[in-house]
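Colleague: There's a structure below that I have some questions on.
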């Protein structure tokens, strides 16, 4: 597996991580090396194997649909980068 | 009389009850040791002195009132992956350098209720991604056995601190070996419990289908004391297992005569350091003397575990770490042009290179058209690996092998080559993929450096593993070996 610069840029976009040209250059070989390692699992024939859904074969637990949490908005927003009137601030989305 | 930092949890608990010393004195003793030694080791990233002294005072009140449990007043450290209310929780990352957690992880709550005193938080690989503690935003941790060497990772700060006796014990987390490998490299005992045994609530998520928290201690007995308080059902973790917790301490003295131990053939093949192999053989002889029966056993697909892991773990991390968006908490870039710029630059600035690599590998593996080839295939490989273990446990009670292929490597030795770093976890990863419990405990030193003996149990057999390790520690002194100067 050998990724080119365009592929690395596309992956970085999917991951929402800004990358410089130098970083793209290094990532091409680093990510390709990791994918080479990963692709060794192709040596194992798994055509009849059910993929593991849970290590203990446990189903997801359900609970009654009732309110269990108190309101912690002020505490949780105290660690936010920018808030106003109980709302999180982000750059303008709609002009 | 041995010094306070050389005593076991049971000895300290008895000393506290007898009034030989107070939890306040004990706490100050360890705070002093951290100040004295940690400048060089860098194992503690946040010291919570004020909170620790307040908790010690409360512990002393409980002890005086006859309300103490076995952990009341015992000073420990938490890995900085556990959210601690009112105390900085940075997970080794610039992304969370400004994060004061508004709540406690369940592990932290449970240990608080047991009366434990938290001295502070330990250094770790960024978001638990690493095997050497070199990916931390707060700089590498040094191994107290040789400060030119790594302590292992990702729970490297916890391992180094316990090895240097800077705390009685510490918590760790293990996604692919992050408790066992640093425990091995620093010469302590570390247990990764069965998936779902310890709550993941408030433990910053890396790979949710693999992550487990566990104790890191100087002996199996101490690990049993700590696990007893950490384990148990938690409604706040959807994968927590609703099943009674075994009496780990009560089981420690069970006889191990007749126990059938499978020596994993594949863990003794090429790549294993010869000195390490000899150390394992010495430990195996001791187990035979205890009356255990050792047989060779095969996990024929275990060599596929690293490949499958580096799909599953990155895929889950790319999803889990998408929450770091620069909006609700964590690092935010200056002057974002628009929302996409806010996301991209906040993440580029907040995450280090290894975390970025793993997020990107995960994003790629989960992207349109690749799901079957990567994630689905990895989950199939995972099933094959779990089936190997299932078959092995039809033949034997416990599996044995080294916890890592070599002793602690030098700082910088593998940090430029991600793949060579990944291969330092070849003996630990299969256990996480299968969700099994396993521990690493000290074997004889190899060239003056610690070597870890790994014991793997069937699901929920933590008690059996701790029992076997404890019995071995009754007839050997490898766990008492201390790095010089500490």
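Colleague: Label residue B:18 and residue B:474 with points 7 Å out from Cα along Cα→Cβ: what is the distance between them in nm?
Modeller: Modelled inter-label distance: 2.2 nm.
Colleague: Something else about it: Starting from one equal scatterer on each C-alpha and no solvent at all, send me the Debye-based log10 I(q)/I(0) for region B:10-258 at q = 0.10, 0.13, 0.15, 0.16 Å⁻¹, two decimals.
Modeller: Result of the Debye calculation: -0.42, -0.73, -0.98, -1.12.
Colleague: For region B:33-81, build the convex hull from the C-alpha positions and give me its volume per residue in Å³.
Modeller: So the per-residue hull volume is 94 Å³.
Colleague: Same structure, new question: Answer rounded, prolate or oblate for region B:338-486, using the Cα gyration tensor with square roots of eigenvalues a ≥ b ≥ c: rounded when a/c is under 1.5, else prolate when a/b is larger than b/c, else oblate.
Modeller: Note, shape of region B:338-486 comes out oblate.
Colleague: For region A:1-91, compute Rg over Rh where Rg is the Cα radius of gyration and Rh is the Kirkwood radius from the inverse mean 1/r over Cα pairs. Could the numbers behind the result be given before it?
Modeller: Values: Rg = 22.2 Å, Rh = 18.9 Å.
On the Cα set of region A:1-91, Rg over Rh gives 1.18.
Colleague: Same structure again: With r as the distance between the Cβ atoms of residue A:53 and residue A:93 and R0 = 35 Å, compute the FRET efficiency 1/(1 + (r/R0)^6) and round to 0.05. Walk me through the numbers before you get to the answer.
Modeller: Details: r = 37 Å, r/R0 = 1.06.
Calculated value: 0.40.
Colleague: Starting from the Cα gyration tensor of region B:76-220, take the square roots of the eigenvalues, sort them a ≥ b ≥ c, and report rounded, prolate or oblate (rounded when a/c is under 1.5, otherwise prolate if a/b is larger than b/c, else oblate).
Modeller: Details: a/c = 1.34, a/b = 1.20, b/c = 1.12.
Cα axes put region B:76-220 in the rounded bin.
Colleague: When B:424, B:209 are ordered from fewest to most other Cβ atoms inside 10 Å of their Cβ, what list results? Intermediate values should be presented prior to the final figure.
Modeller: Working: B:424 23, B:209 20.
Fewest-to-most Cβ neighbours within 10 Å comes out as B:209, B:424.
Colleague: Report the Cα centroid-to-centroid distance between region B:13-35 and region A:36-95 in angstrom, as an integer.
Modeller: So the separation of the two Cα centres works out to 41 Å.
Colleague: Shifting gears a bit: If you restrict to DSSP beta bridges whose two residues both lie in region B:10-258, what percentage is antiparallel, to the nearest 5?
Modeller: On the way: 15 of 22 bridges.
Around 70 percent antiparallel, to the nearest 5.
Colleague: Show log10 I(q)/I(0) for chain B at q = 0.07 Å⁻¹, two decimals, from a solvent-free Debye sum over equal Cα scatterers.
Modeller: Ignoring solvent entirely, the Cα scatterers give -0.32.
Colleague: Apply 1/(1 + (r/R0)^6) to the Cβ-Cβ distance of residue B:270 and residue A:7, taking R0 = 30 Å, and write down the FRET efficiency to the nearest 0.05. Can you show the working numbers first?
Modeller: Numbers: r = 34 Å, r/R0 = 1.14.
My answer for the efficiency is 0.30.
Colleague: Shifting gears a bit: Using a Gaussian network model of chain A with C-alpha springs under 10 Å, which one of A:19, A:79, A:67 is most mobile by mean-square fluctuation?
Modeller: Answer for the Gaussian network model of chain A: A:79.
Colleague: How do B:466, B:436 rank when sorted from fewest to most other Cβ atoms within 10 Å of their own Cβ? Write down the numbers at each step before the final one.
Modeller: Numbers: B:466 33, B:436 25.
Final ranking by Cβ density, sparse to dense: B:436, B:466.
Colleague: Using Cα centres only, tell me the gap between region B:77-112 and region A:1-30 in whole Å.
Modeller: The distance from the Cα centre of region B:77-112 to that of region A:1-30 comes to 32 Å.
Colleague: Rounded to the nearest 0.05, what FRET efficiency is calculated for residue B:253 and residue B:368 with R0 set to 51 Å and r the Cβ-Cβ distance? Each step should come with its number before you reach the end.
Modeller: Numbers: r = 57 Å, r/R0 = 1.11.
Rounded to the nearest 0.05, the efficiency is 0.35.
Colleague: Here's something else I'd like to know. Which percent, nearest 5, of DSSP beta bridges in chain B are antiparallel?
Modeller: Given both bridge residues lie in chain B, the antiparallel proportion sits at roughly 65 percent.
Colleague: A further question follows. Within a 10 angstrom radius of the beta carbon, how do A:65, B:146, B:234 rank from fewest other beta carbons to most?
Modeller: On the way: A:65 6, B:146 16, B:234 22.
Going from least to most buried by this count: A:65, B:146, B:234.
Colleague: Apply the a/c threshold of 1.5 to the C-alpha gyration tensor of region B:305-376 and tell me whether it is rounded, prolate or oblate. Walk me through the numbers on the way to the answer.
Modeller: On the way: a/c = 2.94, a/b = 2.14, b/c = 1.38.
Here region B:305-376 falls in the prolate category.
Colleague: Restricting to DSSP H runs of at least four residues, report the calculated mean residue ellipticity at 222 nm for chain B, -39500 (n - 2.57) per run over all residues, nearest 500 deg cm²/dmol. The partial results should precede the final answer.
Modeller: On the way: 16 runs with 183 residues, N = 486.
It comes out at -11500 deg cm²/dmol, rounded to the nearest 500.
Colleague: Run the quick spin-label model on residue B:242 and residue B:481: label points 7 Å from Cα toward the beta carbon, then report their separation in nm to one decimal.
Modeller: Between residue B:242 and residue B:481, the label points sit 4.6 nm apart.
Colleague: Here is a further query. Give me the compactness ratio for the protein assembly as shown, meaning the Cα radius of gyration over 2.2 N^0.38 Å. Walk me through the numbers on the way to the answer.
Modeller: On the way: Rg = 23.0 Å, N = 581, 2.2 N^0.38 = 24.7 Å.
Here the answer is 0.93, to two decimals.
Colleague: Any chance you could tell me what percent of the C-alpha pair distances in region B:15-128 go past 16 Å? Walk me through the numbers before you get to the answer.
Modeller: Values: 3758 of 6441 pairs.
Value for region B:15-128: 58 percent of Cα pairs lie more than 16 Å apart.
Colleague: A further question on this structure: Which distance in Å, rounded to a whole number, links the C-alpha centroids of region B:380-452 and region B:137-158?
Modeller: 18 Å
Colleague: Hey, another quick one. Quantify how much of the Cα-Cα distance distribution of region B:213-258 extends past 13 Å, in percent. Can you show the working numbers first?
Modeller: Values: 643 of 1035 pairs.
For region B:213-258, the share of Cα pairs beyond 13 Å comes to 62 percent.
Laboratory data are not the source of any read-out in this text; all were calculated from the coordinates shown. These numbers were taken from a predicted model, which means no experiment stands behind them. Cβ sites come from the backbone with ideal geometry, for glycine too, and all protein chains shown count toward neighbours.
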